[in-house]
1. Of all residues in the stretch A:527-543 being more than 28 Å from the chain's Cα centre (by Cα) and surrounded by fewer than 22 Cβ atoms within 10 Å (Cβ to Cβ), which is nearest to the other protein chains (Cβ to nearest Cβ)?
2. Assess whether A:Tyr524 counts as being of a type in the set (Phe, Trp, Tyr) and within 11 Å of chain B (Cβ to nearest Cβ).
3. Would it be correct to say that B:Glu136 is assigned by TED's automatic domain parsing to the domain that holds B:Lys107 and of a type in the set (D, E, K, R)?
4. What number of residues within the stretch A:29-50 satisfy the criterion of being more than 11 Å from every other protein chain (Cβ to nearest Cβ) and in contact with a helix residue (DSSP H, G or I) (Cβ under 8 Å, 6 or more places away or on another chain)?
5. Against the condition within 16 Å of A:Arg240 (Cα to Cα) and either surrounded by 20 or more Cβ atoms within 10 Å (Cβ to Cβ) or of a type outside the set (S, T, N, Q) (or both), how does A:Lys268 come out, does it pass?
6. If you scan the stretch A:246-261, which residues turn out to be surrounded by fewer than 24 Cβ atoms within 10 Å (Cβ to Cβ) and part of a strand (DSSP E or B)?
7. Quick one: B:Val511 ticks every box in (1) within 14 Å of chain A (Cβ to nearest Cβ); (2) crowded, with 24+ Cβ neighbours inside 10 Å; (3) over 30 Å from A:Met547 (Cβ atoms) except a single one, so which number is it?
8. Only residues that are within 9 Å of chain B (Cβ to nearest Cβ) and without any contact (Cβ under 8 Å) to a residue 40 or more places away in the chain: list them for the stretch A:236-250, please.
There are 2 protein chains.
Amino acid sequence: MTNPKGDEYAVIGTRPPRVDAADKATGRARFGPDTDLPRLLHGKILRSPHAHARILSIDTSRAEAFPGVHAVVTAKDLPAAQDLAAALGEADIDLKYRCDNTLASDKVLYVGHAIAAVAACDPHTAEQAAQLIDVEYEVLPAVMDVLDAAREDAPLIHENMRTWSLAGTSEAPSNVANHFQSVKGDPETGFAEADLVVEREIRTATVHHSYIEPHATTATWGPDGTLTVHPTTQGAFGIRDQLASLLRYPLSKIRVVPTEVGGAFGGKSTSYLDAVAALLSRKTGRPVKMVMTRAETFLATGPTSGTVIRVKIGAKKDGRITAAQAALYYEAGAFPGAPLWGGMGVVLAAYDIPHGQIDGYDVVVNKPKAETYRAPGGTPPVFAVEQVIDELAEQTGTDPLEFRLLNRAQEGTQRVNGGVHTSVSSYEVLKAVQAHAHYSAPLEGPHRGRGIAFGHWGNYGGSSSCTLDVNSDGTVSLVTGSVDITGTRTSLAMQAAETLELTLDRVRPTVGDTDSVGYTEGSYGSRTTMATGVAVVTAAKDAIAQMCERAAMLWNVPAEAVSYRKGTFTAGGDGSPQLTFAELAAQLPRTGGAVTGVGNVHVDEWGGSFGAHIVDVAVDPETGKVTILRYTAVQDAGRAIHPSLVEGQMQGGAVQGIGWALYEGYRCYCLSSDWSEQKAA
Amino acid sequence: MTNPKGDEYAVIGTRPPRVDAADKATGRARFGPDTDLPRLLHGKILRSPHAHARILSIDTSRAEAFPGVHAVVTAKDLPAAQDLAAALGEADIDLKYRCDNTLASDKVLYVGHAIAAVAACDPHTAEQAAQLIDVEYEVLPAVMDVLDAAREDAPLIHENMRTWSLAGTSEAPSNVANHFQSVKGDPETGFAEADLVVEREIRTATVHHSYIEPHATTATWGPDGTLTVHPTTQGAFGIRDQLASLLRYPLSKIRVVPTEVGGAFGGKSTSYLDAVAALLSRKTGRPVKMVMTRAETFLATGPTSGTVIRVKIGAKKDGRITAAQAALYYEAGAFPGAPLWGGMGVVLAAYDIPHGQIDGYDVVVNKPKAETYRAPGGTPPVFAVEQVIDELAEQTGTDPLEFRLLNRAQEGTQRVNGGVHTSVSSYEVLKAVQAHAHYSAPLEGPHRGRGIAFGHWGNYGGSSSCTLDVNSDGTVSLVTGSVDITGTRTSLAMQAAETLELTLDRVRPTVGDTDSVGYTEGSYGSRTTMATGVAVVTAAKDAIAQMCERAAMLWNVPAEAVSYRKGTFTAGGDGSPQLTFAELAAQLPRTGGAVTGVGNVHVDEWGGSFGAHIVDVAVDPETGKVTILRYTAVQDAGRAIHPSLVEGQMQGGAVQGIGWALYEGYRCYCLSSDWSEQKAA
């Protein structure tokens, strides 16, 4: 591989050890629950035992009197909730939902919904005291199933919520918060042209990311009004934004210092505990740590949407698709906002669909609020479409891979949900599957099968910031605003080293807190190595340009006469002066002070990417048990900065997909009040 | 006061509460000894009971076997000391001195000299175990007095040390490390022209800064090789530099996170404990905290030089000075490097001396290594000169103030120690004294007197860095590399607010660690509010320029069409678009990402400043006790950013000067081996 200067890449594409490897392998890395501060108190939350109930009263007096308890908070202590109670405007409804999901005010909407919190001398005391908070409930019928919840006669989770659609807002209240729709061409005409049509409905379970590390945070509200929070999160600035709105507090007075993260997968962008810990800290004048149990993580943090997906695709006898239609019913959980944008974005995106329609329904149910989870919302509808594609291939007598090759989206293909495909590697990906030994390997033995699936994901760019300080010994300190959840400190340092033409060990990357680096979006959407990488390359080029100016000053030549190649600055020409990076670094104080390269970017352009997987399975016909025999992933990853980390992403994605497909799912909540059960009885 | 735009200053010159006030007033600020980390060990140092002795052997086995002890280190563990033992080059001698002052290798040179250190489960165990380290000494004669030490027959503290002077290096070894000399004109001629000459010798005691907070540090050597240190210091980057050389370790792998500082006054720039704590942490794999006792701080950290000063000044009958000569003998302590540069710089600098000579002698004695202390080295010789000036005034029958007005340095006056006075306020300062009610107030009662003193100090600029991030709510996060020892977070934030034309509460200043901001020299030499202030103003202007570009992008006009006044960006002209700072801040992501203003500067120009004090005292003729009746300080402080903080500097300086003059001083060391005593006996 060669860089823009025509040289072989020296650092990019290699597989150095991760900079965080030793810390993590030896147990020295500090994760969310590891934060320890003098005079630390421990917080615990009282959670709802009911999936749906009105809160009639909350009496915290017994908890407050419990020995070892320092403070108790409820929704009444949440500044934004107080303001909203005074006057709730149209624009505030999203904030009200976020307040209510932090600490319930009038109703509880799922089992595990937070109601109140206690700060005490230790976690056990806090837990015991939380159980002494007396809450009077009026239990209401709960609705768990997305199709049941969408019915007109379903119990309403939010009494005043209306369905938003392009046509306007519904008159009657409904659990369907949003109905999104995209249409391309004329689906009716398309289906009329089809020789055969396959229509299927599939259901996917509500599943949780199940990161190893539970949610945790530690908040310290200082006497000077500064709030410092150490959360486990994918994005320190996102937590700061949420705290600022929940607490009605200026951003500059909130400092979020992210810890190491023990897995996130899209589930650690929402702030669950931080505002509660902050309020407890403000009341007690001491730092307060809150760590969820595994059960709390399942009960009260984002699973991703369980779904019902209806897919209908028509094709000609020759296998060419004429029309496709998809309806996506997504559980939003207790508050609107299921990741439908992801589902609608990818459901038909891998194929060239002449006429198509996508309907997405964002439906509240009595479950924890749904969160993003690896290619948010994309997995269920692609799973559904790929079933239908396989059936169409079978019915038209086409090889499933050839069927996909025939109908694949190409450069210029208009997507049903809007936009046009650019920079498309669908052909290369499918051809790589076809050429792979796995695809043509014999599949011996009974009850065995091989399947392929094909999909597209859009990726993301966004805002990233970094600073790059040149030290006087020629080493470099790189501070990025991106939390490192997948080894990005290493992949970002590699891009700095490559651009600076230095060895990797000269670059020390760290994750900044919100006070020490510019605004940076969270580490999600496959954006970090790319967008923060652009920031890092920008900062490195900035530093080199500044150092060229310093060399020019020393040599008394114009800055444009100085060039930098392979670690050395020169003024050009035979016998001209030279300085290595380290030699020039040592001269910075006498040439104007330190050099700080800055890279603050908002990346607006990025490519989508295609992937295809091949899997061999054996099915036990007695038990239904499925054994994975062989699994191959083909992915257009772009330029792999650190191939081992890219492979790790693909391996982890495959394993989580297998778990979702075969094993995982949320079951039975508070059945006593389940409307579907009652209705059926 | 008006700013360069012609507006009244809105923030500069006001007296807002310090941003650290609440934290400090409520005891929540975290000073060096407050650092607490999980699995923390505590380190203690074994110190020499002898003022001068050869170390014959060190046996750490009993200490290592002591229950609760985790590690013991000696000079053998210090990487630089190992390298130097292998091959000591000419250039390494300063590093060898620094190694030996960290942990003694072959000799101990003062009572309290560090020899070995123990890390244990608690400080008491560490202290007890340190006493179990067996050291065999050959006690040597010690020399305490600076004039005795300079004698040819004095015991040598460093057997191979020669006197450096402009004439070359002496043949014979000596305790006089350096003899500096400055000459202006022809002193002999000058004294020949004088009608009268006064010559005096004064002695000043060895005194300690006596900051409230003792020296403390906590070091964590991570398994990934990163060393993180939390010291109480005036300069995080200086500590990093010292650690890098003592430990032979790259700068980028050392992160220094400065704590709040409980007083420094020039005494907290040297790293005493950090390398030792780092080595103990590397050996144990755990964080190690070391906190000195008050006694250790006196015994082993920089006092400032005790001195002998000889001053001779000649004048005409009319009071005009014709010549002056000063000889400065400074205790360097156990290693060369007394703050003679400061003493020579100011000794004759307040006056216009036609012919002059200054000789400075840097003399090692068996005391802790001398450190800088408020106008380093300047106080003793100015005290001596002002005595002589007063006598000359008396003998010529001139009013002491008029005498000073007559002979004061003016713009263009050549200094004896080189350089020319610029931007001189000597007249204004002395006239302010003359006009002050104190100067003409009657002095009633017996045994009372009034004195004045007059002096000049050079100040300093140097390297400072900061970054200024604009938050989306229009608040600003300001990270500077300057440790805040005197309220500089506030005075720097004020300069940012003034430049950004925002209220002060919109700017949140913090002190960065060495990983998060560019190289910044320590907070000494009265440089922080000035030089880091220049960095802050630079960064604020950079941020405004970037924001003008963003506004131009939104309005589709050239960047130079956009101006910023009083918190609002406009494109100029009637009805043109406007955006407040906060409104534009909210638009940053969609216009290219975050805005980070950078100010990395090396300030090469700065003004010196004059000051004069008036004091009334009463002396008890029976006991000699002196009571301060009234004290007035006049100081050319330049533009006072925060007048209360400037006043605090003057008050503190006066109080420390009074203490030095009347009460303080180091007395008797290990007298058993005192060469002066033995010689006399």
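1. First pass over the stretch A:527-543, keeping only residues more than 28 Å from the chain's Cα centre (by Cα): A:541-543.
When the remaining residues are screened for being surrounded by fewer than 22 Cβ atoms within 10 Å (Cβ to Cβ), the result is A:541-542.
Details: A:Lys541: 15, A:Asp542: 9 Å.
Only one residue fits best here, namely A:Asp542.
2. On the way: of a type in the set (Phe, Trp, Tyr): yes; within 11 Å of chain B (Cβ to nearest Cβ): no.
When the stated conditions are applied, A:Tyr524 does not pass them.
3. On the way: assigned by TED's automatic domain parsing to the domain that holds B:Lys107: yes; of a type in the set (D, E, K, R): yes.
Here the answer is yes, as B:Glu136 does meet what is asked.
4. 8
5. Working: within 16 Å of A:Arg240 (Cα to Cα): yes; either surrounded by 20 or more Cβ atoms within 10 Å (Cβ to Cβ) or of a type outside the set (S, T, N, Q) (or both): yes.
Criteria met by A:Lys268.
6. Within the stretch A:246-261, A:Arg255, A:Glu260 qualify.
7. The number of the failed condition is (3).
8. Those that are within 9 Å of chain B (Cβ to nearest Cβ) and without any contact (Cβ under 8 Å) to a residue 40 or more places away in the chain: A:Asp241, A:Ala244, A:Pro250.
The values are calculated or read from the model by the stated rules, or taken from the named source; none is laboratory data. Just so it is clear, the structure is predicted and the values come from calculations on it, not from any experiment. In this analysis, Cβ positions are derived from the backbone assuming ideal geometry, glycine residues included, and neighbour counts consider all displayed protein chains.
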